[in-house]
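Undergrad: Would you mind keeping the following structure in view while I ask a few things?
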Amino acid sequence: MWNQPPSLPAQGEQRRSPIFNIPRDIPVARAGVVAINAKALESLTANVEANFDFVKSTFGVGGLADYVALQSEFARARLDAVADQAKAIDELAQKTTLDALEPIKAQVAKSFKLAL
C-alpha cells in the first residue's frame, strides 16, 4: 500500500495539491507587490521633496554655523524619515507574504488532514 506510486487524477478531475492553487493565489501577491511599489514611490517622492526643500533653505543661511546647524537638523530628520519608511515597507512586505501564502498553507494543512 505505501510503496504504490500516486495515481494521477482522471481527466476533468482536479488534483488536490497546493501547487495547483498557485495561479489562483497570484493576484493576492500581485496586489501586495503593487502596494509595496506604491509605498516605495511615495517614500522616494517625499525624500526628493525634502532634499529640494533643504537646498532651498540653504540659500537663506547667514553663515557657516547656520549651515552646519541646518545640515545637522536635515540629516537627523531624513534618517528618522528613512527608518520610518523602511519599517512601513517591511511591514507591508511581511503582510503581503503572509497573505499570499495563507491559501497555500491552508491547502497543505487540509492535505495533511486528509492523509491522516
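Undergrad: Would you check which residues across region 55-79 are in a helix (DSSP H, G or I) and either among the small types (Gly, Ala, Ser) or in contact with a strand residue (DSSP E or B) (Cβ under 7 Å, 6 or more places away or on another chain) (or both) and list them?
TA: Of everything in region 55-79, those that are in a helix (DSSP H, G or I) and either among the small types (Gly, Ala, Ser) or in contact with a strand residue (DSSP E or B) (Cβ under 7 Å, 6 or more places away or on another chain) (or both) turn out to be SER57, ALA65, ALA69, SER72, ALA75, ALA77.
Undergrad: Among (1) more than 24 Å from the chain's Cα centre (by Cα); (2) loosely packed, with under 11 Cβ neighbours inside 10 Å, there is one condition LYS110 misses while meeting the rest; what is its number?
TA: It is condition (2) that LYS110 fails.
Undergrad: Given the condition within 27 Å of GLN85 (Cα to Cα), under 34 Å from the mean Cα position of the chain (by Cα), surrounded by 13 or more Cβ atoms within 10 Å (Cβ to Cβ) and at pLDDT below 95, answer yes or no: does some residue in region 17-29 qualify?
TA: Checking region 17-29: at least one residue is within 27 Å of GLN85 (Cα to Cα), under 34 Å from the mean Cα position of the chain (by Cα), surrounded by 13 or more Cβ atoms within 10 Å (Cβ to Cβ) and at pLDDT below 95.
Undergrad: Return the pairs, sorted by first residue and then second, in which the second residue is part of a helix (DSSP H, G or I) and charged (D, E, K, R), the first residue lies in region 71-95 and is over 18 Å from SER57 (Cα atoms), the beta carbons are less than 6 Å apart, and the residues are 6+ apart or on different chains.
TA: These pairs meet every condition: ILE89/LYS39; LEU92/LYS39.
Undergrad: Going through region 52-92 one residue at a time, which ones are surrounded by 11 or more Cβ atoms within 10 Å (Cβ to Cβ), farther than 21 Å from ASN37 by Cα and not charged (D, E, K, R)?
TA: Across region 52-92, the qualifying residues are PHE54, SER57, THR58, VAL61, TYR67, VAL68, ALA69, LEU70, GLN71, PHE74, ALA75, ALA77.
The values are calculated or read from the model by the stated rules, or taken from the named source; none is laboratory data. The model shown is predicted, which means the values in this text are computed figures rather than measured ones. Heads up, the Cβs are rebuilt from the backbone with ideal geometry, glycines too, and the neighbour counts pull from every protein chain shown.
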